[in-house]
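The values are calculated or read from the model by the stated rules, or taken from the named source; none is laboratory data. Since the structure is predicted, the reported quantities are computational estimates derived from the model, not experimental observations. Quick reminder, even Gly has a Cβ in these numbers, built from the backbone with ideal geometry, and neighbours come from all protein chains shown.
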Amino acid sequence: MTPFHRVSGVAAPMRTPNIDTDVIMPKMFLKGVDRSGLGEGAFNLLRFDAGRPNPDFILNRDGYRETCFLVVGANFGCGSSREHAVWGLQQLGIRALIGTTFAGIFSDNCANNGLLTISLDAATVGGIADIVANPASNRLSIDLEQQLIRIDGGGTVPFPIEPARKEAFLTGRDAISSTLVFADDIGAFERRRWADNPWF
Amino acid sequence: MSGRTLYDKLIDAHVVRRLDDDGLVLLYVDRTVLNEYTSPQAFAGLRATGRKVRNPAAALMVVDHVNPTAARRTRQMPDADAARQVDYFADNARDFGIEYFDILDPRQGIEHVVAPEQGLVMPGMVIAAGDSHTTAYGAFGALGYGIGTSDIEHYLATSTVRYRRLKTMRINVTGSPPLGVTPKDVVMEIICRIGADGATGYAVEFAGPAVAEMSVEGRIVMSIMIVEAGARGVVIAPDHKVLDYLKGRPRTPKGEMWDRATAAWLQLRSDADARFDREMTIDAGEVAPLVTWGTSPDQAIPVTDLIPDPDTNPAADRKTAATRALAYMGLAPGTPIQSVPIDFAFIGSCTNSRIEDLRDAAQIFRGRHVASGVRAIVVPGSTQVRAQAEAEGIAKILIDAGVEWRQSGCSMCLAMNDDILAPGQRSASSTNRNFEGRQGPGARTHLMSPAMVAAAAVTGRITDVRELLGGDAP
């Protein structure tokens, strides 16, 4: 996965709660056997109207076409497990999401691909969303090492992250390789489990 | 020290090793089931790194998401993309040595219907699969939960998943559901009360006398649908109903081994003094048939109610969301939901496509006919369910009522196949999700129980099923 250290760029507010993975990646883009072409799919039904960019959608507005962070509403990524939603956001250039709560499978999918999710209290998220809603003050930088969001429009916001998750984002390590270090433990565990539960 | 919850017992029994001090563990996963649309990139990853599937016998592959449901089955997929996914799926099954049910297999069906049918799911297991509705297996006293494609690959390569322990929530269901009220209505009521993120970060245990009274299939409905409140895992203590359901299935133990297994399974329950992070109680006797009016599963009301006014919602973001939802749905506040006409009726999906669901629907369709201008389709959860419904005479009742009797698949739950609504079309649907575009771009979905869908199909509008059951509608 892509490591994450410090990233700077435009942030766009997207505050509607419960934005689901069907909205993030509509079904028409789920029929591949690889990860290609999903940037076009991301928010497709909101971004485009009869094939033309929808001028009302935030990512099509002046000042937001190079967005790399989204400031999102509660429960972002709910619904289907489709990891295509995360691949599509990344292919659209999104590197991090700032919100209150993220849906569980989506959050794991983000972590497995190096898309950083930052959870903060609702007032703080609302404050950041208000600042970046103005195209003149919509740039910020996220420093994972320092666990800080620096807002060009003013202020810095610290954010929490579990040490293991932080380490994984910083190194971009391959989770499977890390786990296979414990192959002997897995084998021993499995033999014990099958002995205790022979019906499995 | 207080006792342990069933969830914690299942996790404790599957921890290979701790990975940090915050609850991150390497969790052994007993089984998985794979579908053709979330698995391809996982297999591609294994191929690219030269890794093998560690335990192919622990997996089952079933085509369900992209296949057509037309009555006449052929191996040919209707479009090139679906064909490529199914071909690649078959290649992966062959090359990695995993059992595979193709579209013509008499055991084919929706993965979460097929896995229990085959006895792949047993109490005490942890089952992770690439579909959010894997929580279905909670109904059997197994911990089921959904994972993404990266974690499918991780599981296939290692038999484990990196897992962070969840908080626990017990939902006690008391009382008896009145006539016309089903487990679907009960779980929709729970989602309304706690919200679409009310169980985010939690594993849910369903308990209480109404759950004990409920059939295994009813418990499956609850276990699947609570995902729409954000639950990441579900457990229900297994009982004799679960044993009756599993006995004699192809993969469940037989003879003396069955006796040993069931003795152990019946011990699986939360300790009396176990503490949950959150508890709630709901009286099933007070639940009415529910219908969604919006584009989130928590936007639902009793069928007798009026569509709510977003302006009465105190939270600004919820108000905006409700306003947007009503615009998408083409509905006005204050309208009786029962006056809303439908174009399409769909009974199917892993939530509501089992034999009991089809019996409920048949009870409404018997001697009636689908209303003029409405198209109704019933997609059984598996080819075995289809055969059973035909043997019981249910299929004939449906066909006589003007319903299209289909082959099995996920179909219009997510409309990845050719069962898809046109923009603006409105459906009564027994599925889980009423998201924008879920059943087709611009399509409008009202979630409800299978019997309620049948009632809407025969009247042509959203209808209180109790009026057709001869019960006392309020």
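Name the residues in segment B:420-434 that are of a type outside the set (D, E, K, R) and surrounded by fewer than 24 Cβ atoms within 10 Å (Cβ to Cβ), would you?
B:Ile420, B:Ala422, B:Pro423, B:Gly424, B:Gln425
So which residues in segment B:231-260 are of a type in the set (Gly, Ala, Ser) and under 17 Å from B:Leu143 (Cβ atoms)?
Those that are of a type in the set (Gly, Ala, Ser) and under 17 Å from B:Leu143 (Cβ atoms): B:Ala231, B:Gly233, B:Ala237.
Please indicate, with yes or no, whether at least one residue in segment B:328-342 is touching a helix residue (DSSP H, G or I) at 6+ places or on another chain (Cβ under 6 Å), surrounded by 16 or more Cβ atoms within 10 Å (Cβ to Cβ) and assigned to a loop (DSSP other than H, G, I, E, B). Walk me through how you get there before you give the answer.
Step one: list which residues in segment B:328-342 are touching a helix residue (DSSP H, G or I) at 6+ places or on another chain (Cβ under 6 Å), which gives B:342.
Those left that are additionally surrounded by 16 or more Cβ atoms within 10 Å (Cβ to Cβ): B:342.
Subset that is assigned to a loop (DSSP other than H, G, I, E, B): B:342.
Looking for residues that are touching a helix residue (DSSP H, G or I) at 6+ places or on another chain (Cβ under 6 Å), surrounded by 16 or more Cβ atoms within 10 Å (Cβ to Cβ) and assigned to a loop (DSSP other than H, G, I, E, B), one finds at least one in segment B:328-342, hence yes.
Can you work out which of the residues in segment B:104-154 that are surrounded by fewer than 24 Cβ atoms within 10 Å (Cβ to Cβ) and among the charged types (D, E, K, R) is nearest to the other protein chains (Cβ to nearest Cβ)?
B:Glu117
Six or more apart or on different chains, Cβ under 6 Å: which pairs go from a residue in segment B:410-435 that's over 19 Å from B:Gly294 (Cβ atoms) to one that's among the small types (Gly, Ala, Ser)? Could you list them?
B:Ser411/B:Gly348; B:Asp419/B:Ser411; B:Ile420/B:Gly440
Would you check if there is a residue in segment A:56-70 being among the hydroxyl-bearing types (Ser, Thr, Tyr) and either more than 30 Å from B:Thr135 (Cα to Cα) or in a helix (DSSP H, G or I) (or both)? Quick ask: steps written out before the conclusion?
Narrowing segment A:56-70 to residues among the hydroxyl-bearing types (Ser, Thr, Tyr): A:64, A:67.
Keeping just the survivors that are either more than 30 Å from B:Thr135 (Cα to Cα) or in a helix (DSSP H, G or I) (or both) gives A:64, A:67.
Among the residues of segment A:56-70, at least one is among the hydroxyl-bearing types (Ser, Thr, Tyr) and either more than 30 Å from B:Thr135 (Cα to Cα) or in a helix (DSSP H, G or I) (or both), which makes the answer yes.
Does A:Phe69 satisfy being under 22 Å from B:Gly294 (Cα atoms), touching a helix residue (DSSP H, G or I) at 6+ places or on another chain (Cβ under 9 Å) and more than 11 Å from every other protein chain (Cβ to nearest Cβ)?
Answer is no for this residue.
Scan segment B:407-445 for residues that are polar (S, T, N, Q), out of contact with any helix residue (DSSP H, G or I) (no Cβ under 9 Å at 6 or more places or on another chain) and on the phi < 0 side of the Ramachandran plot and report the count.
The number of residues fulfilling the criteria is 1.
Give the residues of segment B:217-235 that are away from chain A (no Cβ under 14 Å), in a helix (DSSP H, G or I) and touching a Gly at 6+ places or on another chain (Cβ under 6 Å), sorted by residue number.
Passing the criteria: only B:Ser223.
Please enumerate the residues belonging to segment B:257-309 that are in a helix (DSSP H, G or I), within 12 Å of chain A (Cβ to nearest Cβ) and within 24 Å of the chain's Cα centre (by Cα).
Scanning segment B:257-309 gives a single hit, B:Trp265.
How many of the residues making up segment A:91-112 are out of contact with any Leu (no Cβ under 8 Å at 6 or more places or on another chain), surrounded by fewer than 24 Cβ atoms within 10 Å (Cβ to Cβ) and β-branched (Val, Ile, Thr)?
Residues in segment A:91-112 being out of contact with any Leu (no Cβ under 8 Å at 6 or more places or on another chain), surrounded by fewer than 24 Cβ atoms within 10 Å (Cβ to Cβ) and β-branched (Val, Ile, Thr): 1 in total.
For segment B:87-103, name all the residues that are at the interface with another protein chain (Cβ under 10 Å from one of its Cβ atoms) and closer than 22 Å to B:Cys413 by Cα.
Matches in segment B:87-103: B:Phe89 only.
Within segment B:82-97, does at least one residue satisfy the condition of being free of Cβ contacts under 8 Å to residues at least 24 places away in the same chain and in contact with an Asp or Glu (Cβ under 8 Å, 6 or more places away or on another chain)?
yes
Hey, among the residues in segment B:73-87 that are in contact with a helix residue (DSSP H, G or I) (Cβ under 8 Å, 6 or more places away or on another chain) and buried (at least 18 other Cβ atoms within 10 Å of the Cβ), which one's nearest to B:Gly45 (Cα to Cα)?
B:Gln85
Check A:Arg173 against each of (1) assigned to a helix (DSSP H, G or I); (2) modelled with pLDDT under 95; (3) of a type in the set (D, E, K, R) and name the one condition it does not meet.
(1) is the only condition that A:Arg173 fails.
Give all pairs with beta carbons closer than 6 Å in which a residue from segment A:20-40 that is facing chain B (nearest Cβ under 10 Å) and farther than 27 Å from B:Ala325 by Cβ meets a residue that is surrounded by fewer than 20 Cβ atoms within 10 Å (Cβ to Cβ) and among the aromatic types (Phe, Trp, Tyr); count only pairs at least 6 apart in sequence or on separate chains.
Going by the 6 Å Cβ cut-off, the qualifying pairs are A:Val33/B:Tyr88.
Take the residues of segment B:21-33 that are under 24 Å from B:Gly97 (Cβ atoms) and more than 7 Å from chain A (Cβ to nearest Cβ): which is farthest from the chain's Cα centre (by Cα)?
B:Leu27
Quick one: which of A:Asp62, A:Asp49, A:Asp56 is more than 8 Å from every other protein chain (Cβ to nearest Cβ) and at pLDDT below 95?
A:Asp49
For segment A:127-140, does any single residue satisfy the condition of being modelled with pLDDT of 95 or more, among the small types (Gly, Ala, Ser) and at positive phi? If you could, list the steps in order and put the result at the bottom.
Kept after step one, since they are modelled with pLDDT of 95 or more, are these residues of segment A:127-140: A:127-140.
Those left that are additionally among the small types (Gly, Ala, Ser): A:127, A:129, A:133, A:136-137.
Filter once more, keeping what is at positive phi: none.
The answer is no, given that none of the residues of segment A:127-140 is modelled with pLDDT of 95 or more, among the small types (Gly, Ala, Ser) and at positive phi.
Within segment B:212-221, can one find any residue that is buried (at least 24 other Cβ atoms within 10 Å of the Cβ), closer than 26 Å to B:Ser296 by Cβ and among the small types (Gly, Ala, Ser)?
No: zero hits.
So which residues in segment B:420-473 are at pLDDT 95 or above, of a type in the set (Asp, Glu) and more than 21 Å from B:Met225 (Cβ to Cβ), if there are any at all?
B:Glu467, the sole residue that qualifies.
If we keep just the residues of segment A:156-200 that are basic (Lys, Arg) and surrounded by 15 or more Cβ atoms within 10 Å (Cβ to Cβ), which is farthest from the other protein chains (Cβ to nearest Cβ)?
That would be A:Lys166.
When you look at A:Ser81, is it within 14 Å of chain B (Cβ to nearest Cβ), part of a loop (DSSP other than H, G, I, E, B) and touching a Ser or Thr at 6+ places or on another chain (Cβ under 7 Å), yes or no? Before the answer, list the steps.
Numbers: within 14 Å of chain B (Cβ to nearest Cβ): yes; part of a loop (DSSP other than H, G, I, E, B): yes; touching a Ser or Thr at 6+ places or on another chain (Cβ under 7 Å): yes.
Criteria met by A:Ser81.
Return the pair list, or none, for Cβ contacts closer than 6 Å from residues in segment B:175-203 that are more than 14 Å from chain A (Cβ to nearest Cβ) to residues that are surrounded by 24 or more Cβ atoms within 10 Å (Cβ to Cβ) and part of a helix (DSSP H, G or I), at least 6 apart or on different chains.
B:Pro183/B:Val221; B:Pro183/B:Met222; B:Lys184/B:Val221; B:Val187/B:Met222; B:Val187/B:Met225; B:Val187/B:Ile226
Tell me whether segment B:61-73 contains one or more residues that are of a type in the set (Gly, Ala, Ser) and at the interface with chain A (Cβ under 10 Å from one of its Cβ atoms).
At the first step, the residues of segment B:61-73 found to be of a type in the set (Gly, Ala, Ser) are B:70-71.
Checking which are at the interface with chain A (Cβ under 10 Å from one of its Cβ atoms) leaves us with none.
Scanning segment B:61-73, I find no residue that is of a type in the set (Gly, Ala, Ser) and at the interface with chain A (Cβ under 10 Å from one of its Cβ atoms), so the answer is no.
So if I check each of B:Ala300, B:Ala274, which one is over 30 Å from B:Ser339 (Cβ atoms), of a type in the set (Gly, Ala, Ser) and touching a residue at least 60 places away in the same chain (Cβ under 8 Å)?
It is B:Ala274.
So which pairs qualify, if the first residue must be in segment A:48-63 and touching a residue at least 40 places away in the same chain (Cβ under 8 Å), the second must be among the basic types (Lys, Arg), the Cβ gap must be under 8 Å, and the two must be at least 6 apart or on different chains?
Within 8 Å, the pairs are A:Leu59/A:Arg47; A:Leu59/A:Arg65.
Within the set of pairs 6 or more residues apart or between chains, which connect a residue that is within 9 Å of chain A (Cβ to nearest Cβ) and of a type in the set (Ser, Thr, Tyr) inside segment B:34-56 to a residue that is surrounded by fewer than 17 Cβ atoms within 10 Å (Cβ to Cβ) and part of a helix (DSSP H, G or I) with Cβ atoms less than 9 Å apart?
B:Thr49/A:Ser177
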